[in-house]
Amino acid sequence: MKIKITFFALLLFGANSFAQQKDTINSQEKLSEVVVTGQFEPQSIKKSVFNVRVISNKDIKNLAANNLSDVLNQYLNITVRPSGTSGRSTVSLFGLDSQYFKILVDNIPLVNEAGLGNNTDLSQINLDDVERIEIVEGSMGVVYGANAVSGVLNIITKKSSGHKWNITAAVQEETVKDEYALFDEGRHIQSLRVAHTFNDNWFVSVGANRNDFQGFLDDKNGKDYDVNDQTRGYRWLPKEQLNGNALIAYNKGSFKVFYKFEFLDEDVDYYNATVQSGYNPVLGSYLYADDMRYFTNRYFHNLNATGKLFTRLNYNVSLSHQKQERNVEDFKYYFQNKSEKENVTVKDQSMEVLYSTGTLSNFFTNKKYDLQLGYEFVNNQGYSLVQEGNNLFSPVRKTLENYDFFASSEIMVSDRFSVRPGLRFSAQSRFKDQYASSLNLKYLFDSGLELRGSYGSSFRTPTFEELYSKLIFDGHFFVGNENLIPETSNSFEASLKKSSLIGSNLNVANTFAASYLDVNDRIDMALTRFNPDTGNPEYQYINISKYKMWNFSTMNQFRYKDLTFNVGAAVVGVSRKIENQVFASDDKFLYSFNINSSVSYLMQKWGTIFSAYYKYNGKSQQFIESSSEYVISDIYPSHWLDASVRKSFFKNQLDVTLGARNICNVTNVRQTNTNQSAGHAGDSQVMLAYGRSYFIRLSYNLNL
């Protein structure tokens with residue numbers, strides 16, 4: 001580990017020193033990198049006080065990415081955790097799970113059945129209509145409110161076109177490891193998008209996408225296998241998704257307004273590994289299995305307007321109504337005639353949100369300082385079906401609201417030095433009022449160096465599950481806690497960036513960043529007592545643990561003519577103090593090391609782009625609870641490599657992309673000390689992927 005860190009430090013610092021030989025910045029490229037996340041108004045990435053990182057539409061195309069999890073596998077400091085048993089993929093940043101990381105669509109947090117902006121299933125976010133993805137690490141509580149503790153990811157969708165008509169149709173076929181058939185195995189994707197520019201003012205677009213994942217059998221035997229040897233079903237569950245979207249936008253002068261609608265329909269099939277037998281006087285002996293389906297639906301409405309008041313004030317107002325609901329269908333599958341009987345569907349979880357946010361800025365004629373005032377209103381109606389004792393199920397319906405007001409100012413102390421303080425007040429219907437604050441600094445040196453520093457305090461409110469969940473059956477006792485309080489956090493970040501032009505063709509950009517995060521009153525499921533009557537352990541969510549993290553990372557880009565090469569590395573240290581009513585963990589720091597790299601080459605003569613993306617996830621550690629103490633569990637390292645070749649034909653009307661995902665053939669990685677029995681520790685396997693897969697994508701683009 002030390003050798004690897006030293007080698008990369010020497011390599012990257014050496015590259016940075018060499019890049020300083022010439023300080024001319026490629027201004028044309030910089031001006032094109034316009035960002036909106038956390039900004040008063042869209043501006044170049046260099047002017048932003050935040051360290052914004054961008055995943056371009058080109059990267060999405062090169063990866064043939066259909067959903068967000070296809071992209072974020074390659075991102076430094078981010079870990080994607082897919083689940084083959086539930087079909088979900090969630091994200092963690094700096095070791096903090098998806099409850100601390102906020103996902104937005106055009107600055108609006110995206111709903112799911114368990115939260116707003118958090119706990120998002122990455123596989124449910126389609127990328128067909130995406131212009132770019134912007135990521136800001138660190139506390140963003142002032143700008144984006146609750147739960148933006150470790151950072152935010154903002155998906156910017158397409159709202160215009162340079163052509164009168166733009167029609168894009170695509171098909172993608174992909175193996176699932178070595179499993180593929182045209183209809184019954186593999187991954188099959190079809191999409192269509194039609195956009196029309198009526199005139200200088202009006203633009204509309206509609207799109208649809210179908211993603212049919214037929215599951216991964218591995219050592220399982222599928223749906224119709226009727227031998228009770230626990231090999232029926234799938235290792236990764238089959239899943240089908242239908243996504244639809246529509247946009248209408250109007251633009252005249254400084255006034256812009258758009259309405260965006262998105263729809264998701266997802267079906268996930270679960271086939272029980274246990275085959276049972278029964279007897280009926282009419283039918284005789286028969287075999288059956290108790291199977292399930294999960295149905296998820298999401299509706300997303302967003303109305304946004306920007307413009308000027310009184311010829312000076314800039315306003316930006318959004319109103320959004322969203323709902324995501326998951327239903328569970330239980331049924332018996334009879335093998336003799338391959339039929340389903342006794343189908344019963346119940347609503348399992350849902351979240352319906354009415355959301356609005358708005359800002360006013362540009363109060364002063366003097367461009368050396370500016371003020372932004374804003375508000376956020378959230379009405380969140382949650383539903384969950386919880387399991388009480390004696391195998392009884394009962395519905396829980398609760399409404400959570402918050403009314404937030406925030407202010408931020410940007411002061412240009414000089415042409416080089418700018419300061420941005422901010423403060424947010426959040427009136428909560430369920431908890432005590434909360435506050436968030438921030439201070440961002442930026443300084444531009446003569447040599448072209450960009451120095452940024454920030455402090456931020458933020459908060460995370462308990463989720464619906466943490467407050468109201470119940471799972472009580474046969475010696476199992478896991479419950480929520482309505483007395484939970486919000487977590488609070490403080491973060492610090494500093495970054496140094498330099499862009500240089502060496503000679504006439506080599507562009508070099510180097511970024512070095514360090515951050516520190518401290519979370520108090522962290523919510524964990526903890527052992528609270530042993531039932532005096534039964535002796536069984538009882539667990540409940542309580543504010544009981546602390547979390548500290550420090551991170552050092554570097555990202556470096558080299559562009560020489562048609563060749564682009566990126567390399568980055570990060571070291572993360574995490575200290576997590578966990579307690580329950582019986583014992584506590586150590587609070588020492590546990591470390592992990594990550595590397596990512598990518599290379600892209602455009603062969604002009606052939607009109608072909610060759611791309612490769614690599615990420616190394618080093619060994620990580622965490623404390624897990626045994627029967628008498630917290631012990632360290634090691635998750636072993638893994639390597640992830642994707643590669644593709646993309647070529648255009650017929651004057652760029654037809655794009656053909658060939659490639660492979662997970663070339664290193666990662667499936668499961670070993671995790672130690674997960675099984676504690678009779679005083680002995682045992683290991684288990686963490687499901688990361690289903691192995692190497694190959695894809696071909698055909699995309700037809702008609703521009704008129």
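The values are calculated or read from the model by the stated rules, or taken from the named source; none is laboratory data. In this text the structure is predicted, and so the values were computed from the model without any measurement. Neighbour counts run over all protein chains shown; Cβ positions are idealised from the backbone, glycine included. We work out accessible area using only protein heavy atoms, side chains counted, and drop any ligands, DNA or RNA first. Shrake-Rupley method; radii C 1.70, N 1.55, O 1.52, S 1.80 Å.
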Please verify whether PHE610 is more than 22 Å from the chain's Cα centre (by Cα), without any contact (Cβ under 8 Å) to a residue 24 or more places away in the chain and open to solvent by 60 Å² or more (accessible area, probe 1.4 Å), treating the condition exactly as stated. no
If GLY38 satisfies all but one of (1) small (Gly, Ala, Ser); (2) over 21 Å from ALA494 (Cα atoms); (3) modelled with pLDDT of 80 or more; (4) open to solvent by less than 30 Å² (accessible area, probe 1.4 Å), what's the number of the condition it fails? (2)
Kindly indicate whether ASN510 is over 21 Å from ALA436 (Cβ atoms), in contact with a strand residue (DSSP E or B) (Cβ under 6 Å, 6 or more places away or on another chain), assigned to a strand (DSSP E or B) and in contact (Cβ under 8 Å) with a residue 60 or more places away in the chain. yes
The condition from (1) assigned to a strand (DSSP E or B); (2) touching a helix residue (DSSP H, G or I) at 6+ places or on another chain (Cβ under 9 Å); (3) closer than 24 Å to ASN668 by Cα; (4) not hydrophobic (A, V, I, L, M, F, W, C) that LYS102 misses is numbered (3)
Scanning the range 558-596 for residues that are more than 30 Å from GLN653 (Cα to Cα) and of a type in the set (S, T, N, Q), which turns out farthest from the chain's Cα centre (by Cα)? GLN581
Every residue from the range 575-594 that is touching a Leu at 6+ places or on another chain (Cβ under 8 Å) and either open to solvent by less than 30 Å² (accessible area, probe 1.4 Å) or free of Cβ contacts under 8 Å to residues at least 24 places away in the same chain (or both): SER575, ASN580, ASN594
Taking only the range 122-136 into account, find how many residues are part of a loop (DSSP other than H, G, I, E, B) and within 9 Å of LEU68 (Cβ to Cβ). 2
Can you work out which of the residues in the range 148-170 that are buried (at least 18 other Cβ atoms within 10 Å of the Cβ) and aliphatic (A, V, I, L, M) is farthest from VAL194 (Cα to Cα)? VAL149
Does MET525 satisfy being in contact (Cβ under 8 Å) with a residue 40 or more places away in the chain, part of a strand (DSSP E or B) and open to solvent by 20 Å² or more (accessible area, probe 1.4 Å)? yes
Please state which of the following conditions LEU484 fails to meet, knowing it meets all the rest: (1) open to solvent by 70 Å² or more (accessible area, probe 1.4 Å); (2) of a type in the set (A, V, I, L, M, F, W, C); (3) assigned to a loop (DSSP other than H, G, I, E, B). (1)
Restricting to the range 93-103, name every residue that is free of Cβ contacts under 8 Å to residues at least 60 places away in the same chain and open to solvent by less than 20 Å² (accessible area, probe 1.4 Å). LEU93, SER98, PHE101, LYS102, ILE103
Breaking point among (1) under 24 Å from ASN596 (Cα atoms); (2) buried (at least 21 other Cβ atoms within 10 Å of the Cβ); (3) of a type outside the set (S, T, N, Q), for LYS497: (2)
Counting only strands (runs of 3 or more DSSP E) entirely within the range 618-701, those with at least 2 residues that are polar (S, T, N, Q), at negative phi and open to solvent by less than 30 Å² (accessible area, probe 1.4 Å) are 638-649, 668-677
Search the range 489-505 for residues that are farther than 14 Å from GLY141 by Cβ and touching a residue at least 24 places away in the same chain (Cβ under 8 Å) and pair each with any residue that is of a type in the set (Asp, Glu) and part of a loop (DSSP other than H, G, I, E, B) when their beta-carbon atoms are under 7 Å apart and the residues are at least 6 apart or on different chains. SER500/ASP23
Output the qualifying pairs, or none if there are none: Cβ atoms under 6 angstrom, residues six or more apart or on different chains, first residue in the range 135-164 and farther than 22 Å from GLN372 by Cβ, second residue open to solvent by 10 Å² or more (accessible area, probe 1.4 Å) and β-branched (Val, Ile, Thr). SER161/THR197; LYS164/THR197
Tell me which residues, restricted to the range 614-657, are closer than 30 Å to ASN703 by Cα, among the polar types (S, T, N, Q) and within 24 Å of the chain's Cα centre (by Cα). SER644
Scan of the range 321-345 for residues that are under 28 Å from the mean Cα position of the chain (by Cα) and either touching a residue at least 40 places away in the same chain (Cβ under 8 Å) or open to solvent by 20 Å² or more (accessible area, probe 1.4 Å) (or both), ordered by number: HIS321, GLN322, LYS323, GLN324, GLU325, ARG326, ASN327, GLU329
